[in-house]
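Beneath this line is the structure, given in structure tokens, with notes to follow.
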Amino acid sequence: VRSAVSIGRLAAKELRDLGRRPGTGVLVTAFAALSAVVALSHVPAFVSAEQWKVEAAADVREQWITQGVRHPHSAAHFGVIAFRPRVPAALIEPGVSDVVGQMLTLETHTRGFPTAAPYEDRTMAGRAQPLSTSTVALTFLPLLVILIGYRLVGGEREDGNLSLLLTTGTSARRLVLGKTMALAAVATGLVALTAVLDIAAVATVEAGAIDGRLFGLHALRLGYVLVWVGLTIAVSARIRSSQVALPLLLALWIVNSFVLPRAAASAGRLMAPEPSAEVFRAAIQRDMTYRPDGTLWVEDWSKQLVSETLERFGVQRIEDLPIGYAGVMLKGSDARYEAVFETHFTALHDLHRRQERWYHLLSVAGPMLAVRSLGQAVAGTDLTHVQHFSDAAERYRRMFVEATNHAIETQSAGTGWDLRVGREYWESFPAFRYEFPTIGWALAQHGMAWAVMSGWLLVAGIGVATSHRHLRGTE
Amino acid sequence: VIDVLRNEWRLVRRDAGFRILVAAYALLLAYGAAVGIAQARTRQAQIAEATADYHGRWATLREAAEVPGRVWADWRSPSLVGGSSGAAITWMELDGLSALSTGDAVRQPTLARVSIYAAGAEPPLANPLAIVGGVFDFTFVVVWLLPIAVAVAGHAVVSGDRQRGSWRLIAATTPRPARLVIARLAWPSVTLATLTIAGGVAAATLAGGFTNGAAGRLLIWIVAVLGYTAFWASVTAVVSIRTAQAPTSLLTLGLLWLVVVWLVPGLIDAATMVVHPPPNRLQGHLAERDAQRDPEVQLPKHLEAIYAQHPGWRPSAEAVAAANTPVPGGPASRDSRRVYAPARAAAEAAAPFARAEQARRVQAAALAERLSVLSPALALQALSDHAAGTSETRLAGFRGHVVDAEEVWRAFFAPRIMQLREMTRDDMRVVPTPTTYAAHVPAAALIWPMLGLLGPLAAAIVLFGRARPALRA
């Protein structure tokens, strides 16, 4: 207890000293101003983008219902457009939202990619990650911690105060822990400040949106900043000159904040390059049309299907069938097409997963990548969520394609091309609704990031716990 | 001067810290070059694959031409040959210099399909995770990390001695201390610039070499790299002269780096978005879908609209009847006008929105280039993109090229589709082949980025001149 009280007193004294330093106030004020500007400046665009999606979905639904009288297969070609929603926490951590299309056209015989990514509207000036609240916090909080703390332990030695301090009965361990607590308190205060700003921004978007996702984002942010507190103290205690400690910490910060995210992202593409859209589409087209041996698939299959169907119903001509033959044919061809889409899209998603593994592998070199991955999972803006949405949209696409084929088969006869349906039939289709997965599910997909983040916390903790040994020489 | 330079060279060679810095920078350059080379080679492989696929499809069509009466692979159908089966490809020519900067190629296609049904080229399939934070290419290393290397190597040229208390002696014993500062910064800067240029030339060579006109673009890039290095060396000198302690110099340079490399480009991006706000992408889709509503009511209108423009394209009644006779087990009709005309109507309904979107993108890109006068980092980025052939302007040119190629393609097939005329063997021989896109951005486009690089360099040199009296302080 006495030790804890002593550490607490030391921390309180450090906090007072830090508060008196003019630089601390300037840094904190500049950071708060930048965070506030960034947090609030994104609100109007976010609100209008989400509002646009709601209105656009209503427009598309209206078009679907009022598409007129037509053959169901023609309607399946007409299709619908699904819009990818975001939870309000995405305002704080936009993740990959900006580089992924906001809408996905769903129609028969084709599986598309989301289009209209906000990133496409940017110029070369916006190629680097745009300033989001999360980017500002994850980039500048460690910098503040470094600038406030790089001399915290080493400075005492450089100024000649360390020997004096250690002779007053304060142990090196208590001194280090006290200074760590002080820096951690400053860091926690800064994270709390960003939390207040973020909550204010999110509350502007949607009053009831203050939920576990926001809490999770800031808990992760705190863990990340504490890693930097530990690293700063550990370096400050170990490096004898602050002239060396500062460049070293700044180098770590630059590598972690600017170099690693790009290096890790590019590593994936370097090790597992993806095909171009043209090559990908051509491969799908080829597999939809030809067998692996290069022969046309549909010709023989069609002949066989006709004879089997005629035999099944005991008639000589397609026109005499009691069911709509077009429905049977489309069911068969779509089954093949869906299998082709499944093969190619699964391969593409697997490729993206392989690239993501490289990304996570390099995250061992700096905690930024791990905390970003986890934050994006919490905010529903990571690759996993993008694929979850794509899969949900694809299920909906298959549902309406199957439903239209089934209608052709069961509601018509003969060739099946004479069927016409109207508004009542279009209204019977439910509108596409996307259900977000739970945070637990999303976080469970990021085992590697958890491990890396925990590892960094452990490294920082060990760094602090062993720092006092480096002061003993002075003692 | 030579003695001073020789002495400084001896010191630099012995400096273990500088050696580590150069090694780290070289490693990062090598990684950036590897990414660029891999991308260039992947692109070449993709073009080869797409070309092989195109030739394969045409071989199948020619083969099918030898077997008459095939319902599903009828090469005589202009809709089939002009559509999925015979669609051509076109691409943007990129030489080895493309390894220097990924530029806009990360989000704009450089390879496209030309078909009667295509509506422009599709964006690349890059993993969102891989592009969200930017690409680690050679230009990233130069734009972002070269200034740090120069700052780390040179931030203490004066302030380091001031901090140690030795500057007064140096200033007192050196007749021209400014020359000493230049000599101290010259070797690190020259070493880093030489490494960059040599690495860039090697990367370009490994990525596929140089084509005609590459010499000029390479020269522009070299000048840009030299200018950028000189700018940061001058800024480092000014900051080191004006500050009393090495850590303060480093922090000041770090702050300047953040502003020039990150914040100003971010603000320029925000400004372009305000001046040229992003379009509502749904409008084109809604217009396209509106044209597809009530197909049976609208089809005659769509057909009539085309025939009104091209009266000579009307088919005979016999041809219409034959095309609309169902084939057992096949589609309801082989009258490809029923697909082509609504598809054209839909594409034409969406075209004004696509054109407006394209025009807005070109204007925003031009504005960003003009505003690059405010940030040497953005100016170098723009010049590197132009040198590599991956600038927004050039990619916009390629998109226009694809649209033109589609127009030529349609002009060949549309009359045959609308007249319900079958392709003949002679027709197959004269199907247009799209050319590749080789044009580069004219030199006039480089004026603003060049100003953005050379203007701040001149300003930094002037500031250095003004800071010289402080060397005696």
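The values are calculated or read from the model by the stated rules, or taken from the named source; none is laboratory data. Since the structure is predicted, the reported quantities are computational estimates derived from the model, not experimental observations. Neighbour counts are summed over all protein chains in view; Cβ atoms, including those assigned to glycine, are modelled from backbone coordinates with ideal geometry.
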Response to the item:
Output for Cβ contacts, cut-off 7 Å, separation at least six or different chains, first residue among the polar types (S, T, N, Q) in the range B:148-171, second assigned to a helix (DSSP H, G or I), reads B:Ser159/B:Ser240; B:Ser159/B:Ala246; B:Ser159/B:Thr248; B:Ser159/B:Ser249; B:Gln163/B:Ala246
Discussion item. One residue is enough: does the range A:56-71 have a residue meeting the conditions among the acidic types (Asp, Glu) and at the interface with chain B (Cβ under 9 Å from one of its Cβ atoms)?
Written reply: yes
Worksheet entry | Residue selected from the range B:121-163 under the condition surrounded by 24 or more Cβ atoms within 10 Å (Cβ to Cβ) and of a type in the set (Phe, Trp, Tyr), by the criterion nearest to B:Arg242 (Cα to Cα) | B:Phe140
Item to complete: Scan A:His388, A:His352 and give me the residue that is out of contact with any His (no Cβ under 9 Å at 6 or more places or on another chain), modelled with pLDDT of 90 or more and not acidic (Asp, Glu).
Response: A:His388
Item to complete: Could you list, in sequence order, all residues of the range A:11-24 that are modelled with pLDDT under 85 and among the small types (Gly, Ala, Ser)?
Response: A:Ala11, A:Gly19, A:Gly23
Discussion item. Within the range A:377-397, take every residue that is touching a Gly at 6+ places or on another chain (Cβ under 6 Å) and in a loop (DSSP other than H, G, I, E, B) and give me the one that is farthest from the other protein chains (Cβ to nearest Cβ).
Written reply: A:Thr381
Response to the item:
Note: among A:Gln51, A:Gln67, A:Gln63, just one is within 15 Å of A:Trp426 (Cα to Cα) and without any contact (Cβ under 8 Å) to a residue 40 or more places away in the chain, namely A:Gln63
Item to complete: With a cut-off of at least 3 residues that are modelled with pLDDT of 90 or more, name the helices (runs of 4 or more DSSP H) lying wholly within the range B:267-349.
Response: B:295-309
Worksheet entry | Single match in A:Thr105, A:Thr135 (criterion: surrounded by fewer than 23 Cβ atoms within 10 Å (Cβ to Cβ) and part of a helix (DSSP H, G or I)) | A:Thr135
Worksheet, complete the sentence: Given (1) at pLDDT below 90; (2) under 29 Å from the mean Cα position of the chain (by Cα); (3) assigned to a helix (DSSP H, G or I), B:Gly254 misses just (1)
Discussion item. If a residue must be surrounded by 13 or more Cβ atoms within 10 Å (Cβ to Cβ), out of contact with any Lys or Arg (no Cβ under 8 Å at 6 or more places or on another chain) and under 30 Å from B:Ile47 (Cα atoms), how many such residues does the range B:439-473 contain?
Written reply: 2
Worksheet item: Just checking, which of B:Gly17, B:Gly56, B:Gly36 is assigned to a helix (DSSP H, G or I) and surrounded by 21 or more Cβ atoms within 10 Å (Cβ to Cβ)?
Response: B:Gly36
Practice prompt. Kindly indicate the residue of the range B:376-397 that is more than 8 Å from every other protein chain (Cβ to nearest Cβ) and more than 13 Å from the chain's Cα centre (by Cα) and also farthest from B:Thr90 (Cα to Cα) among those meeting that condition.
Written response: B:Pro376
Practice prompt. Would you mention how many residues in the range A:295-330 are more than 10 Å from chain B (Cβ to nearest Cβ), over 16 Å from A:Glu409 (Cα atoms) and out of contact with any Leu (no Cβ under 7 Å at 6 or more places or on another chain)?
Written response: 2
Practice prompt. Just give me the residues in the range A:276-287 being free of Cβ contacts under 8 Å to residues at least 60 places away in the same chain and out of contact with any strand residue (DSSP E or B) (no Cβ under 9 Å at 6 or more places or on another chain), in sequence order.
Written response: A:Gln285, A:Arg286, A:Asp287
Worksheet item: When A:Ser236 is evaluated against the numbered criteria (1) more than 29 Å from B:Thr51 (Cα to Cα); (2) at pLDDT below 90; (3) assigned to a helix (DSSP H, G or I), which criterion, by number, is the only one it fails?
Response: (2)
Discussion item. Checking B:Val275 against (1) surrounded by 14 or more Cβ atoms within 10 Å (Cβ to Cβ); (2) within 30 Å of A:Tyr119 (Cβ to Cβ), only one condition comes out false. Which one?
Written reply: (1)
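Residues are listed down the side, and each one gets a yes or a no for (1) at the interface with chain A (Cβ under 7 Å from one of its Cβ atoms); (2) touching a residue at least 60 places away in the same chain (Cβ under 8 Å):
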position: B:Val259; (1), (2): no, no
position: B:Val264; (1), (2): no, yes
position: B:Thr272; (1), (2): yes, yes
position: B:Val275; (1), (2): no, yes
position: B:Gln292; (1), (2): yes, no
position: B:Glu296; (1), (2): yes, no
position: B:Leu299; (1), (2): no, no
position: B:Ala323; (1), (2): no, yes
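Suppose we keep only residues that are within 21 Å of B:Pro247 (Cα to Cα) and small (Gly, Ala, Ser) within the range A:140-178. Which one would you say is surrounded by the fewest Cβ atoms within 10 Å (Cβ to Cβ)? Walk me through it before giving the result.
So in the range A:140-178, the residues within 21 Å of B:Pro247 (Cα to Cα) come out as A:140-161.
Keeping just the survivors that are small (Gly, Ala, Ser) gives A:149, A:154-155, A:160.
Working: A:Gly149: 29, A:Gly154: 26, A:Gly155: 16, A:Gly160: 9.
Taking the candidates together, the pick is A:Gly160.
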Discussion item. Of the conditions (1) more than 7 Å from every other protein chain (Cβ to nearest Cβ); (2) surrounded by 21 or more Cβ atoms within 10 Å (Cβ to Cβ); (3) free of Cβ contacts under 8 Å to residues at least 60 places away in the same chain, A:Ser266 satisfies every one except a single condition; which number is it?
Written reply: (1)
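Tell me the helices (runs of 4 or more DSSP H) entirely within the range B:59-156 that contain at least 3 residues that are more than 7 Å from chain A (Cβ to nearest Cβ) and modelled with pLDDT of 80 or more. Explain how you work it out, then say what you get.
Working: elements: B:78-82, B:128-131, B:146-154.
Result: B:78-82, B:146-154.
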Worksheet item: So B:Asp15 fits all but one of (1) over 30 Å from B:Asp95 (Cβ atoms); (2) at pLDDT 90 or above; (3) away from chain A (no Cβ under 12 Å); what number is the exception?
Response: (2)
Worksheet item: Looking at the range A:148-165, is at least one residue within 14 Å of chain B (Cβ to nearest Cβ) and hydrophobic (A, V, I, L, M, F, W, C)?
Response: yes
Worksheet item: Which of the residues that make up the range A:366-376 are within 13 Å of chain B (Cβ to nearest Cβ) and farther than 17 Å from A:Val100 by Cβ?
Response: A:Gly366, A:Met368, A:Leu369
Worksheet item: Restricting attention to the range A:227-263, which residues are more than 8 Å from chain B (Cβ to nearest Cβ) and of a type in the set (Ser, Thr, Tyr)?
Response: A:Thr232, A:Ser236, A:Ser241, A:Ser257
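Where residues in the range A:84-102 are more than 11 Å from chain B (Cβ to nearest Cβ) and part of a loop (DSSP other than H, G, I, E, B), which of them is surrounded by the fewest Cβ atoms within 10 Å (Cβ to Cβ)?
Within the range A:84-102, the first condition is being more than 11 Å from chain B (Cβ to nearest Cβ), and the residues that meet it are A:84-93.
Cutting the leftovers down to part of a loop (DSSP other than H, G, I, E, B) gives us A:84-87, A:92-93.
Working: A:Arg84: 21, A:Pro85: 16, A:Arg86: 21, A:Val87: 21, A:Ile92: 29, A:Glu93: 29.
Among them, the one singled out is A:Pro85.
Residues that are without any contact (Cβ under 8 Å) to a residue 60 or more places away in the chain: which helices (runs of 4 or more DSSP H) entirely in the range B:358-473 hold 1 or more of them?
Details: elements: B:376-388, B:392-418, B:425-429, B:447-467.
So the answer is B:392-418, B:425-429, B:447-467.
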Worksheet item: If B:Val402 passes every condition in (1) crowded, with 17+ Cβ neighbours inside 10 Å; (2) in contact with a helix residue (DSSP H, G or I) (Cβ under 6 Å, 6 or more places away or on another chain); (3) of a type in the set (A, V, I, L, M, F, W, C) but one, which one does it miss?
Response: (2)
Worksheet, complete the sentence: With criteria (1) modelled with pLDDT of 90 or more; (2) surrounded by 21 or more Cβ atoms within 10 Å (Cβ to Cβ); (3) touching a Pro at 6+ places or on another chain (Cβ under 9 Å), A:Val60 comes up short on (3)
